[in-house]
Amino acid sequence: MLDRLREIGEAAREAFSSATDEKSLEDARVAYLGRKSELNRISRGLKDLDPEERRRVGRATNDLKKELAALCEEARERMAEGARRTGALDLTLPGRVPWVGRRHVLIRTLERLEEIFRTLGFEVALGPHIEDDFHNFDALNIPPDHPARDMHDTFFVEGGRLLRTHTSPVQIRVMQSRRPPIRIIAPGRVYRNEASDASHSSEFYQLEGLYVDRNVRVGELKGVLTKFLHELYGQDVGVRFRAGFFPFTEPSTEVDLQCRVCRGRGCPVCKGTGWVELLGAGMVDPRVFEAVGYDPDVYTGYAFGLGVDRISMMMTGTDDIRLFLENDLRFLDQV
Ligand code: PHE
């Protein structure tokens, strides 16, 4: 029995010292130290030996097991050290973080806006991206020769139709299909046939708002928009209302936010002015009510349209609107 143990020892030492990779080392471990190894079988058979024999073989078996376990461990370390030296395994490398996808920053912005306006009592309405002249222009008091059409450089499609240049046509569609009171927002993509730069893109998102009822006043418009901007950016943001002009609202206002990219110091996004125009708004022009068959002597209302991309830019400190559409994951992963 002791001779057999010596033979096993020799073969095992040879196997552990010549193991060159994880696989051969594991094979040697299973063969000489595993549950089905001869050494283990001898251990299990010890109880059948007479006491004197049992003591001698038992000690030799245990010694051999310990020695082989140590050899096995040594071989494992030798391999790890070799791998470190050849650079195959660099333990100083940071771990790999699995990349997890998420919704686009513009969609997340839209969801945030919808959430705020829902708490203010607005419901979501949608309209088509391919519009007709009536809904995009005429009904909004922009007749064919109106100079405002120049500001909406339009993509025309077949059949005299066009890609909507703003979300205001959704106002018309909603008013045509229901009676007041109406309190809706209409988020969506709009299109302008114009050159792009850091703050302009030929495709961008707007969010329209419309409230129509009896006795709606200017103060409510100002209150809702101020409340909205404070919810979004905090109570201390700079907001200013300037007199503006839109054919479909009277009076009209443009609402600016102190630039969040440069904190008002001046940068390409705010064209050095420290302010970014976020919103157009005003009281619904009586001619718009006439176009949808509402009596302007009975109903009043306000409307607003905001640039969602600008809001995203201000929320994330992004200085180029084009980044939102380029789908560069290195950018999208950061915002
Ligand atoms: N539709 C206007 C635009 O795109 C914004 C606007 C909407 C202004 C509603 C006033 C009221 O410029």
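The values are calculated or read from the model by the stated rules, or taken from the named source; none is laboratory data. What you see is a predicted model; the values in this text were computed from it and never measured. Glycine gets a Cβ as well: all are built from the backbone with ideal geometry, and neighbour counts include every protein chain shown. When the accessible area is computed, the model is the full protein with side chains, heavy atoms only, and any ligands, DNA or RNA have been set aside. Shrake-Rupley method; radii C 1.70, N 1.55, O 1.52, S 1.80 Å.
Quick look at the numbers
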{"quantity": "Full-extension gain in nm, Glu38 to Ala243, via 0.36 nm per residue minus C-alpha separation", "calculated": "64.3 nm"}
{"quantity": "Max mean-square fluctuation residue, GNM over the chain, Cα-Cα springs under 10 Å, options Val100, Val261, Val190", "calculated": "Val100"}
{"quantity": "For the chain, built as a Gaussian network whose Cα springs stay under 10 Å, the top-fluctuating residue of Cys72, Cys267, Cys259", "calculated": "Cys72"}
{"quantity": "Ordering of 1-12, 25-36 by burial proxy (mean other Cβ atoms within 10 Å per residue, highest first)", "calculated": "25-36, 1-12"}
{"quantity": "Proximal aspartates and glutamates relative to Lys36, as straight alpha-carbon distance under 19 Å, when same-chain residues fewer than 8 apart are discounted", "calculated": "Glu7, Glu10, Glu26, Asp27, Asp48, Asp63, Glu67"}
{"quantity": "Per the chain, cysteines lacking a partner by the 4.7 Å Cβ criterion", "calculated": "Cys72"}
{"quantity": "Charge tally in the Cβ shell below 13 Å around Asp48, where Lys, Arg are +1 and Asp, Glu are -1, Asp48 excluded", "calculated": "+2"}
{"quantity": "Cα centroid of the stretch 25-49 to Cα centroid of the stretch 270-301, whole Å", "calculated": "88 Å"}
{"quantity": "Over the chain: helical MRE at 222 nm, DSSP H runs n ≥ 4 each giving -39500 (n - 2.57), nearest 500", "calculated": "-13000 deg cm²/dmol"}
{"quantity": "Selected from Gly95, Gly274, Gly127 as most flexible by GNM, with the chain as the system and alpha-carbon contacts under 10 Å", "calculated": "Gly95"}
{"quantity": "Normalised contact order of the chain, rounded percent, pairs of Cα under 8 Å and 6 or more residues apart", "calculated": "14 percent"}
{"quantity": "Set of lysines with alpha-carbon distance to Lys222 below 27 Å, sequence-local pairs under 8 removed", "calculated": "Lys271"}
{"quantity": "Length-normalised contact order of the stretch 110-259 in % [C-alpha pairs under 8 Å, at least 6 apart]", "calculated": "21 percent"}
{"quantity": "Carbon + sulfur, % of accessible area of the stretch 105-332 - ligands and nucleic acids excluded, 1.4 Å", "calculated": "48 percent"}
{"quantity": "Spin-label model distance (nm) - Asp27 vs Glu123, 7 Å beyond Cα toward Cβ", "calculated": "7.3 nm"}
{"quantity": "Sequence-separation-based contact order of the stretch 1-131, relative, with Cα cut under 8 Å and 6+ spacing, percent", "calculated": "23 percent"}
{"quantity": "Å² per residue, accessible surface of the chain at 1.4 Å", "calculated": "55 Å²"}
